[in-house]
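Colleague: Below is a structure I'd like to ask you about.
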């Protein structure tokens, strides 16, 4: 089961561009890398992770 564990505010100056792993790996869903203290968090573009139809299904299930 997937779940949200933390919600964090990341300052703009602590966000770096998404990494490039070569042409074989699609990183379109990664907005960037957020540095928080000594850790690095992957920032996802939720609209790309969950397509429009997925978001609509979640919205219907919640109501």
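Colleague: Considering only residues that are assigned to a loop (DSSP other than H, G, I, E, B), over 13 Å from residue 41 (Cβ atoms) and modelled with pLDDT of 80 or more, which ones fall in the stretch 4-22?
Modeller: 17
Colleague: Another question, if that's okay. Of all residues being surrounded by 10 or more Cβ atoms within 10 Å (Cβ to Cβ) and touching a helix residue (DSSP H, G or I) at 6+ places or on another chain (Cβ under 7 Å) in the stretch 23-35, which is modelled with the lowest pLDDT? Just the residue, please.
Modeller: Step one: list which residues in the stretch 23-35 are surrounded by 10 or more Cβ atoms within 10 Å (Cβ to Cβ), which gives 27, 29-35.
So of that shortlist, the ones also touching a helix residue (DSSP H, G or I) at 6+ places or on another chain (Cβ under 7 Å) come out as 29, 34-35.
Working: 29: 83, 34: 92, 35: 91.
Ranking the candidates gives 29 first.
Colleague: For residues that are assigned to a loop (DSSP other than H, G, I, E, B) and in contact (Cβ under 8 Å) with a residue 12 or more places away in the chain, scanning just the stretch 23-39, find the one that is nearest to residue 51 (Cα to Cα).
Modeller: Among those residues, the one meeting the criterion is 29.
The values are calculated or read from the model by the stated rules, or taken from the named source; none is laboratory data. Predicted model, so just to flag it, every value in this text is computed and none were measured. Please note: Cβ atoms are built from the backbone with ideal geometry, for glycine as well, and neighbour counts cover all protein chains shown.
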